[in-house]
Amino acid sequence: MAREDGRARRRGQGELEGQVLGALREADGPVTAAWVQERLGGDLAYTTVVTILTRLLAKDVVSRERHGRSFLWTPTADVARLAALRMRRLLDGERDREAVLASFVTALPPGDEQVLRALLDIPGADAGGTED
């Protein structure tokens, strides 16, 4: 991704992870890091792609299996789950969770707030959280 001055544009936090996961989800089956690199346009170093895949593995949103000297990668979650994990990590880093959640909810547009309220009203629904 180049800017007008010819230099590469710096991706936003999590953007590259989302792109890599999106590429994996488009694959017909398990793929190599080289396949992902090619799919994303080849402007990324192979080592960068492997680093992102390894980070996604640690977040449990991809799996890998040995294939000769390399690995084949498969998505185990979608981009929405990855975004939810990032949101949870940010929330976990705050001391006053209640204040952060209250601020988040009050800043939501009305449509998003209605979606959130509907999700919270579903009896017995697990929104992906875990009991600590």
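Checked against the criterion of being under 30 Å from Ala23 (Cα atoms) and touching a residue at least 12 places away in the same chain (Cβ under 8 Å), the stretch 94-109 has no qualifying residue.
Being among the aliphatic types (A, V, I, L, M), loosely packed, with under 15 Cβ neighbours inside 10 Å and either over 14 Å from the mean Cα position of the chain (by Cα) or more than 19 Å from Val79 (Cβ to Cβ) (or both) is the filter here, so list the residues in the stretch 41-59 that pass it.
The first filter runs over the stretch 41-59 and keeps only residues among the aliphatic types (A, V, I, L, M), leaving 44-45, 49-50, 52-53, 56-58.
Within this subset, residues satisfying the condition of being loosely packed, with under 15 Cβ neighbours inside 10 Å are 45, 58.
Within the stretch 41-59, Ala45 is the sole residue that qualifies.
Counting only residues that are over 21 Å from the mean Cα position of the chain (by Cα) and of a type in the set (Lys, Arg), which one in the stretch 89-120 is farthest from Ala58 (Cα to Cα)? My answer is Arg117. Among the residues making up the stretch 57-70, those that are modelled with pLDDT under 95 and of a type in the set (A, V, I, L, M) are Ala58, Val61.
Could you look through the stretch 45-78, keep only residues that are assigned to a loop (DSSP other than H, G, I, E, B) and in contact with a helix residue (DSSP H, G or I) (Cβ under 6 Å, 6 or more places away or on another chain), and pick out the one that is nearest to Arg89 (Cα to Cα)? Restricting to residues being assigned to a loop (DSSP other than H, G, I, E, B) and in contact with a helix residue (DSSP H, G or I) (Cβ under 6 Å, 6 or more places away or on another chain), the top hit is Lys59. Filtering the stretch 91-115 to residues that are out of contact with any helix residue (DSSP H, G or I) (no Cβ under 8 Å at 6 or more places or on another chain), in a helix (DSSP H, G or I) and of a type outside the set (Gly, Ala, Ser) leaves Asp92, Glu98, Phe104, Thr106, Pro110, Asp112, Gln114, Val115.
The values are calculated or read from the model by the stated rules, or taken from the named source; none is laboratory data. Every value quoted in this text rests on a predicted model; they were computed, and no experiment measured them. Methodologically, a virtual Cβ is constructed for each residue, glycine included, from the backbone with ideal geometry; neighbour enumeration extends over all protein chains shown.
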